[in-house]
Amino acid sequence: MSEPVLLYGVSSQGVATLTLNRPDKRNALNGALVEALAEALERAAADDRVRVVALRGAGRDFCSGADLAELEKIAAMGPEESLADARRLGAVLLAMRSLPKAVVAVVRGRALAGGCGLATACDIVLAEEGAELGYPEVHLGFVPAMVMALLRRKVGEGRAFELVVRGQRVTAREAEGVGLVTRVLPAEGFDAAAADYLEDLARRPPSAVALTKGLLYELDDLGVEAGVERAAHVNVQARLTEACREGVRRFLERSGPPPADDGA
């Protein structure tokens, strides 16, 4: 019986780990893996145990991008089939962004082309010191088209253009410097450090995380005045959650009553 192309597990701390499981292909994205990712994200969204979703690759690399052998076959079928295939991956990127839970890429080895796109679509990227990231599609006459809608928001237009038009790999430190990577962790003890980060993140109130993530990305389409108005409504939503009320109660209990005014 063949191994599943995606492994799914939930820890007792509420971290759902989605592992791209094609290590012999450097976890290249084929139709089956993209479909499995879509199903796993939907599953994680519906599971109340899950507070954080971690995306990682089996073996030495995170993901090398699209499976070029399959891509060539699809391209030969004509533009309609190519468009349908592209939209399937696009739907996964949007699902990661709209999931009301933090999605974290745990990157070791290489994250290239569509693999770098997957990482870019995550809310947070943790990268091992020796990791490499990049969009080398230009060297094949291809364009990392869909991910550019996300990439330009993370790193700015100028950096995004340079990354995709030169197609060079960058180190984890370089990627951190331009905003493509959130945090670089040492190679020694990487898995333990990443697990600590994920478990700490999972301790945040789910309602606060969901409202924060939703507002952050919703602001992309709003001007300043509309954004502040929308934020006011989210503020009210947050105040009415039990998590916020309990948090305020705990703070006040720790702080104690205000000092008495002696009239001096």
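Would you confirm, using the coordinates I've provided, whether residue 230 is in contact with an Asp or Glu (Cβ under 9 Å, 6 or more places away or on another chain), assigned to a helix (DSSP H, G or I), charged (D, E, K, R) and modelled with pLDDT of 70 or more? Yes: the conditions hold for residue 230. Answer with yes or no whether residue 210 is closer than 16 Å to residue 50 by Cβ, of a type in the set (Gly, Ala, Ser) and either out of contact with any Leu (no Cβ under 7 Å at 6 or more places or on another chain) or outside the structural domain of residue 242 (by TED's automatic domain parsing) (or both). It is true that residue 210 is closer than 16 Å to residue 50 by Cβ, of a type in the set (Gly, Ala, Ser) and either out of contact with any Leu (no Cβ under 7 Å at 6 or more places or on another chain) or outside the structural domain of residue 242 (by TED's automatic domain parsing) (or both).
Condition first: among the hydrophobic types (A, V, I, L, M, F, W, C) and part of a helix (DSSP H, G or I). Now tell me which residues in region 166-177 satisfy that. Spell out how you get there, then give the answer.
Initially, region 166-177 is screened for residues among the hydrophobic types (A, V, I, L, M, F, W, C), giving 170, 172, 175.
Answer for region 166-177, where residues must be among the hydrophobic types (A, V, I, L, M, F, W, C) and part of a helix (DSSP H, G or I): 172, 175.
Filtering 126, 118 for residues that are assigned by TED's automatic domain parsing to the domain that holds residue 24, outside any helix (DSSP H, G or I) and modelled with pLDDT of 95 or more leaves a single hit, 126. The condition of being in the same structural domain as residue 154 (by TED's automatic domain parsing), under 20 Å from residue 198 (Cβ atoms) and over 15 Å from the mean Cα position of the chain (by Cα) holds for only one of 131, 32, 69, 84, that being 131. Filtering region 99-115 to residues that are modelled with pLDDT under 95 and either farther than 20 Å from residue 140 by Cα or not in a helix (DSSP H, G or I) (or both) leaves only 113. The set of residues in region 43-63 being over 16 Å from the mean Cα position of the chain (by Cα) and buried (at least 22 other Cβ atoms within 10 Å of the Cβ) consists of 61 alone.
The condition of being surrounded by 21 or more Cβ atoms within 10 Å (Cβ to Cβ), in contact with a Ser or Thr (Cβ under 6 Å, 6 or more places away or on another chain) and over 30 Å from residue 211 (Cα atoms) holds for only one of 66, 28, that being 28. Could you tell me whether region 53-74 includes any residue that is modelled with pLDDT under 95 and more than 22 Å from residue 23 (Cα to Cα)? Yes, region 53-74 has at least one match. Number of residues in region 123-154 that are closer than 22 Å to residue 17 by Cα and buried (at least 24 other Cβ atoms within 10 Å of the Cβ): the value is 5.
Residues in region 26-84 that are free of Cβ contacts under 8 Å to residues at least 12 places away in the same chain and part of a loop (DSSP other than H, G, I, E, B): 48, 77, 78.
No other residue among 180, 163 is touching a residue at least 40 places away in the same chain (Cβ under 8 Å) and either assigned to a helix (DSSP H, G or I) or surrounded by 17 or more Cβ atoms within 10 Å (Cβ to Cβ) (or both) apart from 180.
The values are calculated or read from the model by the stated rules, or taken from the named source; none is laboratory data. Values in this document were obtained by computation on a predicted structure and should not be read as measured data. A quick note on method: Cβ atoms are made from the backbone with ideal geometry, for glycine too, and the neighbour counts reach across all protein chains shown.
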